[in-house]
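The values are calculated or read from the model by the stated rules, or taken from the named source; none is laboratory data. All values derive from a computational prediction rather than experimental measurement. Note that we place each Cβ from the backbone using ideal geometry, even for glycine, and neighbour counts take in every protein chain shown. For accessibility, only protein heavy atoms count, side chains too; no ligands or nucleic acids. Shrake-Rupley method; radii C 1.70, N 1.55, O 1.52, S 1.80 Å.
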Amino acid sequence: MFDDILKANAEYARSFDFAGFDGIARAGVAIVTCMDSRIDPLAMLGLKPGDAKILRNPGGRVDDLTLDALVISVHMLQVNRIMVVPHTRCAVASNSEAVLRERLDASAGQDTSWLTLPVTDGQDAALAADVQRVRAHPLIGARAEVGGFLYNVDSGLLTRKV
């Protein structure tokens, strides 16, 4: 089931050159973005492995666990810039919870009402709230510049929103 992946990994390992890397964010950047496979966080910013901490979840939202990871990134991994980057045509931003829940219930074959779905009533408002949440955190606020951006999955361009 995973043979193709393991074969690709073996090829990758042949030229692997990050042995001994200390894990800090060389460019001082943390990126919070969606798990959408159309997003290549490093490439879209002209970065390479080792330059940034990348935190991904549905919708690119700043939930409690993401906020904890950002605190660690700022205090222990040399992050001084935080980018919150949702994207266009995002399923959790363009569908209601009822629609997503119906699709999930149908796929799972059972009730999923106990599962949290990170839907938004408005992507711009959610982005502004997430950026403000990071800026207001007592362990982050004065230590990192925080910006909110929208990634266009059709053009590859970022637009600063907050």
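Given a 1.4 angstrom probe, I'd like the percentage of the accessible area of segment 108-149 that is carbon and sulfur, rounded to a whole number.
Carbon and sulfur together cover 53 percent of it.
Kindly provide the chymotrypsin sites (Phe, Trp or Tyr not before Pro) of segment 1-69 that DSSP labels as loop, not H, G, I, E or B, and whose Cβ sees at most 12 other Cβ atoms within 10 Å. Please list the in-between numbers first.
On the way: sites: 2, 12, 16, 18, 21; in loops: 2, 16, 18, 21.
Hits after loop and neighbour filter: 2, 16, 18, 21.
Considering only 124, 68, 17, give the residue with the highest GNM mean-square fluctuation for the chain, with springs between Cα atoms whenever their separation is below 10 Å.
17
Of 15, 113, 94, which has the largest mean-square fluctuation in a 10 Å C-alpha GNM of the chain?
15
Only loop residues by DSSP count here, and only those with at most 15 other Cβ atoms within 10 Å; note down the trypsin sites (Lys or Arg not before Pro) in segment 55-116 that meet that.
When the trypsin sites (Lys or Arg not before Pro) of segment 55-116 are filtered for loop state and at most 15 Cβ neighbours within 10 Å, 89 remain.
Using Cα positions and a limit of under 19 Å, work out the aspartates and glutamates in reach of residue 53, with same-chain residues fewer than 8 apart set aside.
List returned: 17, 22, 36, 40, 63, 64, 68, 130, 145.
Let's see if you can work this out: charge +1 on each Lys and Arg Cβ, -1 on each Asp and Glu Cβ, no other charges. What is the dipole magnitude of segment 44-118 about its Cα centre, in debye to the nearest 20? Intermediate values should be presented prior to the final figure.
Values: 8 positive and 8 negative charges, 87 e Å.
My answer is approximately 420 debye.
From Cα pairs below 8 angstrom and at least 6 apart in sequence, can you work out the relative contact order of segment 29-99, rounded to a whole percent?
Result for segment 29-99 is 44 percent.
Pop a pseudo-label 7 angstrom from the Cα along the beta-carbon direction at both residue 142 and residue 21 and give the gap in nm to one decimal.
3.3
Determine the calculated [θ] at 222 nm for the chain from helices alone, applying -39500 (n - 2.57) to every DSSP H run no shorter than 4 residues and normalising by the residue count; nearest 500 deg cm²/dmol.
The per-residue figure over the chain is -10500 deg cm²/dmol.
If I stretch the segment between residue 54 and residue 116 completely, what's the gain in nm (0.36 nm per residue apart, minus their alpha carbon distance), one decimal?
Difference between extended and current length: 20.1 nm.
Work out how much length residue 10 to residue 68 would gain on full extension: take 0.36 nm times their residue separation and subtract the Cα-Cα distance, in nm to one decimal.
Separation in residues times 0.36 nm, less the Cα-Cα distance, equals 17.6 nm.
Below 8 Å between Cα atoms, with a sequence gap of 6+, how large is the relative contact order for the chain in percent? Kindly include the intermediate steps, with their values, before the conclusion.
On the way: 239 pairs, mean separation 37.6, N = 162.
Relative contact order comes out at 23 percent.
About the Cα centre of segment 100-162, what is the dipole size in debye to 20, counting +1 per Lys and Arg Cβ and -1 per Asp and Glu Cβ, all else neutral?
Around 360 debye, computed over segment 100-162.
With each label point set 7 Å from Cα along the Cα-Cβ vector, what nm distance links residue 38 and residue 105?
Distance between label points: 2.8 nm.
Gap in Å between the Cα centre of segment 1-77 and the Cα centre of segment 118-160?
Segment 118-160 and segment 1-77 have Cα centres spaced 18 Å from each other.
With every protein chain kept in place and ligands, DNA and RNA left out, what is the accessible area per residue of the chain? Probe 1.4 Å, answer in Å².
For the chain, the per-residue accessible area is 60 Å².
From the square roots a ≥ b ≥ c of the eigenvalues of the alpha-carbon gyration tensor of the chain, which class results: rounded (a/c under 1.5), prolate (a/b over b/c), or oblate?
oblate
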